[in-house]
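Just below is one structure, and these are the notes that go with it.
Bear in mind that the values in this text are calculations on the coordinates, not laboratory data. From a predicted model like this one, the values you see are computed outputs, not experimental measurements. Because the Cβ atoms are built from the backbone with ideal geometry, glycine has one as well, and the counts that use them run over all protein chains shown.
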């Protein structure tokens, strides 16, 4: 198996996780109402000129070295055209019918379609407990409500999040990693009542593929080929990588360095939640079937009833702001008044999007060979051009500060714990927020549970039995849950470290001692520091055996092994000494390696005091970024004594780590 560069993998994984999470919902006041005007007929010439002009933009070209755009209406292909290069170095142009793109999570829509075929056949019941189909798998669910089949597709299972691990993307093209093994080795517990909250759930989508295997007795990839791709004549589409694909596979490029990404494989090998390869021409056939009651050239791939379920929103935070259908999602941007269903997908090196306007029988597909890409910009431009609408007119409410207090508090993203939103009541219909990544903003109330900022971006709350429990902001892939934390007995609001401690408590990264105190002035041990760091940064823990001999039975063994695999811990010693107190310079080195893995370059700073040579780059970068608490006081000339060789206190560690994950501190 090829050994991949850890920094490269870390950047890719971070981008993979966050690529669709920071696009606040914007510019539509009645998101779910259907526009029932007469059909729009798009002129081919006008469409081609529009797309040509879009991809002639230099910034667009930088965000997608190569791309394909496919537009259909009814049963006609209006446009299927390649732009740029499938391989920049070789100057290989994108061929819309032959160039293969990895479409990432667009795969989920195909998996949902395949599962709904089994519903059509009476082999699967959407309302059935999933344990009916794989009783051999035991998992914790403390709620009376079971996880039902429909929950897997609607992304409201209540599962604990499961994210991509560092060894899920690899260079092994010979070993087949079965879906069943992956499911059994990574099955999450249920931590929220099923059916009550939206969290984009890769594992739930992967589980749909496993359910297909269990019910049909066929491998997922074989079922897809025989029952979906074959019927739709999608002869260039695949769900498993093979060397035969290399001839037509576009080269993926990373968005940070702009360099080619080596060809890779995935775990499990057939990846029902994101492993599909396809072309623009094949996607045209899929969209035509979606827009024509499940038929393509007279052959039915899905019943009209199930197609309608794929287009009907069922999970929503608010009647005007939907989340998911059985296979699609709400678009990232609410730029148009049209009824739209959408599915985007990012996977290392590629970004894709497919959306349908069912009432106008229009479908659009875009894929590019760089993660992130211009898909949001293209969606906004396309919908503005062909479905223009007037700007929404708001009736601002003037609710008092006291009545707005029910919204105040901390909300943590269900999927990415580092995304935390603090809400404060201002009054006169206004609230202020501080998002850990997106920063601060002010919103005005336009409905009892809906607020909008000056740019038309929405903040939507959810209420259950008179209490606010969730909000949606900063992305379309999960709710943020209102959190209540129990203060430590020895940490008052006047404590200079209280805001850092509170930040990490919201992440469940800190534990109280038996007497309910924190012990901030006590030293922090090496394994404890890493535990807090990995919990706070939401890094998925490794299942591999720990390398250090003195960690075999330690409760933090998975934490330390994960830190080794990511290159955060670089020691070649046989032992780790987990209970030794950590020095400030060693703690700085761990944080520094996380920052470097994330793309941060070494920085300079004026230091005083003593720092070991091996830790100089680490300490200088930490000081330059001001990642320290009130224990450090810079001199007037900017010189800083980081006290590198001193033992780090627990409260000092909270300041260091909290500042890494929250831009507002």
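Annotations
- Pairs of Cα atoms farther than 14 Å apart, the range 320-371, %: 54
- Residue 263-residue 405 FRET efficiency (beta carbon distance; Förster radius 41 Å; 0.05 resolution): 0.15
- Distance between the 7 Å Cα→Cβ label points at residue 607 and residue 512: 3.9 nm.
- Over the chain: Kirkwood hydrodynamic radius from C-alpha pairwise inverse distances, Å: 26.4
- 137, 657 arranged by Cβ crowding within 10 Å, fewest neighbours leading: 137, 657
- Expressed as a fraction of 2.2 N^0.38 Å, the value expected for a compact globular protein of N residues, the C-alpha radius of gyration of the range 152-212 is 1.23.
- Compactness index (Cα Rg / 2.2 N^0.38 Å), the range 469-562: 1.30
- Hull-based mean projected area of the range 140-279, where the convex hull spans the alpha carbons, in square nanometres: 10.1
- Taking only Cα atoms of the range 498-661, radius of gyration then Dmax in Å: 15.4, 49
- To the nearest ten degrees, helix 584-597 and the longest principal axis of the Cα atoms of the chain are 20 degrees apart.
- Where N is the number of residues in the range 30-386, Cα Rg divided by 2.2 N^0.38 Å: 0.95
- Share, in percent, of DSSP beta bridges within the chain that are antiparallel, nearest 5: 95
- Helix 280-291 and the longest principal axis of the C-alpha atoms of the chain enclose an angle of approximately 70°.
- Whole-Å semi-axes of the ellipsoid equivalent to the range 340-445 (Cα gyration tensor, √5λ, descending): 34, 22, 11
- Per-selection Kirkwood Rh - the range 401-483 (Cα, Å, 1 d.p.): 12.5
- Calculated Rg and Dmax of the range 195-264 using C-alpha coordinates, Å: 16.3, 46
- Taking the three principal axes of the alpha carbon atoms in the range 99-179, the coordinate ranges are 43, 30, 22 Å, sorted in descending order.
- Order of 447, 89 under a 10 Å beta carbon neighbour criterion, fewest first: 89, 447
- Cα-based helix-to-principal-axis angle, 44-55 vs the chain, degrees rounded to 10: 20
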